[in-house]
Amino acid sequence: MNEAIPTMSNIPNTVFSIARSLLLLFFSVFLATSNNTFAASCNDPWPAWEQFRKTFVADDGRVIDHSGARKPTTSEGQAYALFFALSANDKATFQRILTWTENNLAAGDLTARLPAWQWGQREDNSWGIIDKNPASDADLWIAYSLGVAGEVWKEKRYAALSSLLAQRILNEETAELPGLGLSLLPAPSGFNLPNNQWKLNASYLPLPLLRWFEQKESDERWKRMVAPAVRLIAGSAPKGYAADWIIYDAQKGFLPDTQGVEKGQGAYNAIRIYLWTGMMASQDAERANLLKLLRPMAQIVDSKAYPPEYIDILTGDINGPGSSGFSAALLPFLQAQGVQKTIVQQQLRLQAQPIKTDAYYDQVLSLFALGWQEKRFRFDVRGEADFYWQHFCWRLF
């Protein structure tokens, strides 16, 4: 007598039913837990940005520099805050900052004009624009932040506004300089000097931003601006110490700006040159040369245990220690230089002498530098920004 061989058909249907129910229950719990985790990570707060927003960004979107007696606002401050809000995935604050910028610095229409540089309390105690001349570095950061926001947030208006500003920057804030090429001027007026000279600022030219405009905008002038920008950075640091301002002479080349307020020194503008260089993508063709060129600054920071507040770009003579914000700003640069001892040195300085919460410029430098170190954002070789929050803002189903 043959025994019946067990088959799947012999298993009661209830077993299948129980197994299926348990599997579905497990899968539902997994999805719920995973989605909550992703949602929390997607909106994971950036504490440094939260503190900056609380301290400097008014409810209407105005970024206030508390260090000035008249509590001024600059287009630079608005521009940086836009980028930080984007880096934090803070859409509401981004829009408030943009709205205030457009209404108060651009007479309500950023499609028609570049934003004025400074707004605040005037001598007659009224409030409004103090200096209507735009600042090209702010304009670059505004256009860049809008363009990237348009892509990552799928906002066509931001992308369109970015392109319009980019064209206006080219048309109003650049000039073909003899022997140098198409160059970004600090503003539409005031920097074209007599005797075929121009006053320029290398800190106005973060190369990752130029890389982005070069590949995103169809106007070939963006491509033509890259080589002169690199030459400007090098010309601003003849001994490896970057200048705040530099004079370009069509016959003599780059000259120290000895007649300016800084008297040929590097200080509060120049610190950003090291910051932007440190944040460049490792694959960028210009990065290694710029790091080699600027290495003397890393060496002087190592020997002094602090970054100088002012440094003579020709002699290397310094005038006192820079703020803790300067120490923060140099961290990406020092990391790129591979000088671990100096990095630890400056990190300890930041711990021993924390940046004051109401120190506007130091906080800006810190958000850029420490945000980059924390990988809140990074720039790739094409200038594309990769944000921390982007890696969590997705769903399985």
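Side notes on the structure shown:
- So Asn319, is it open to solvent by 70 Å² or more (accessible area, probe 1.4 Å) and at pLDDT below 95: yes
- Residue in segment 258-280 that is part of a loop (DSSP other than H, G, I, E, B), among the acidic types (Asp, Glu) and either modelled with pLDDT of 95 or more or on the phi > 0 side of the Ramachandran plot (or both) present: no
- Any chance Ser218 is assigned to a helix (DSSP H, G or I), free of Cβ contacts under 8 Å to residues at least 12 places away in the same chain and open to solvent by 10 Å² or more (accessible area, probe 1.4 Å): no
- Condition met for Ala328 (aliphatic (A, V, I, L, M) and surrounded by 17 or more Cβ atoms within 10 Å (Cβ to Cβ)): yes
- Inside segment 316-339, residues that are in contact (Cβ under 8 Å) with a residue 24 or more places away in the chain and either in a loop (DSSP other than H, G, I, E, B) or within 23 Å of Gln259 (Cα to Cα) (or both) make up a count of 6.
- Candidates Val364, Val381, filtered to the one that is on the phi < 0 side of the Ramachandran plot and surrounded by fewer than 19 Cβ atoms within 10 Å (Cβ to Cβ): Val381
- Among the conditions (1) hydrophobic (A, V, I, L, M, F, W, C); (2) over 20 Å from the mean Cα position of the chain (by Cα); (3) open to solvent by 10 Å² or more (accessible area, probe 1.4 Å), Leu177 misses just one, which is (3).
- Members of segment 102-132 found to be within 21 Å of Thr174 (Cα to Cα), touching a residue at least 40 places away in the same chain (Cβ under 8 Å) and open to solvent by less than 80 Å² (accessible area, probe 1.4 Å), listed by number: Leu110, Thr111, Leu114, Pro115, Ala116, Gln118
- Hits in segment 367-378 - residues which are part of a strand (DSSP E or B) and open to solvent by less than 30 Å² (accessible area, probe 1.4 Å): Phe377
- Residue match in segment 141-158 (condition: over 17 Å from the mean Cα position of the chain (by Cα) and crowded, with 18+ Cβ neighbours inside 10 Å): yes
- In this structure, Asp244 does not qualify as surrounded by 20 or more Cβ atoms within 10 Å (Cβ to Cβ), over 24 Å from the mean Cα position of the chain (by Cα) and within 22 Å of Glu309 (Cα to Cα).
- Given (1) open to solvent by 10 Å² or more (accessible area, probe 1.4 Å); (2) touching a helix residue (DSSP H, G or I) at 6+ places or on another chain (Cβ under 8 Å); (3) of a type in the set (A, V, I, L, M, F, W, C), number of the condition Leu170 does not satisfy: (1)
- When we screen Pro194, Pro188, Pro256, Pro238 for residues that are of a type outside the set (A, V, I, L, M), in contact with a helix residue (DSSP H, G or I) (Cβ under 7 Å, 6 or more places away or on another chain) and open to solvent by 20 Å² or more (accessible area, probe 1.4 Å), the only hit is Pro188.
The values are calculated or read from the model by the stated rules, or taken from the named source; none is laboratory data. Computed from a predicted model, the values in this text were never measured in an experiment. Please note: Cβ atoms are built from the backbone with ideal geometry, for glycine as well, and neighbour counts cover all protein chains shown. Heads up: the accessible areas ignore ligands, DNA and RNA and are worked out on the full protein's heavy atoms, side chains in. Shrake-Rupley method; radii C 1.70, N 1.55, O 1.52, S 1.80 Å.
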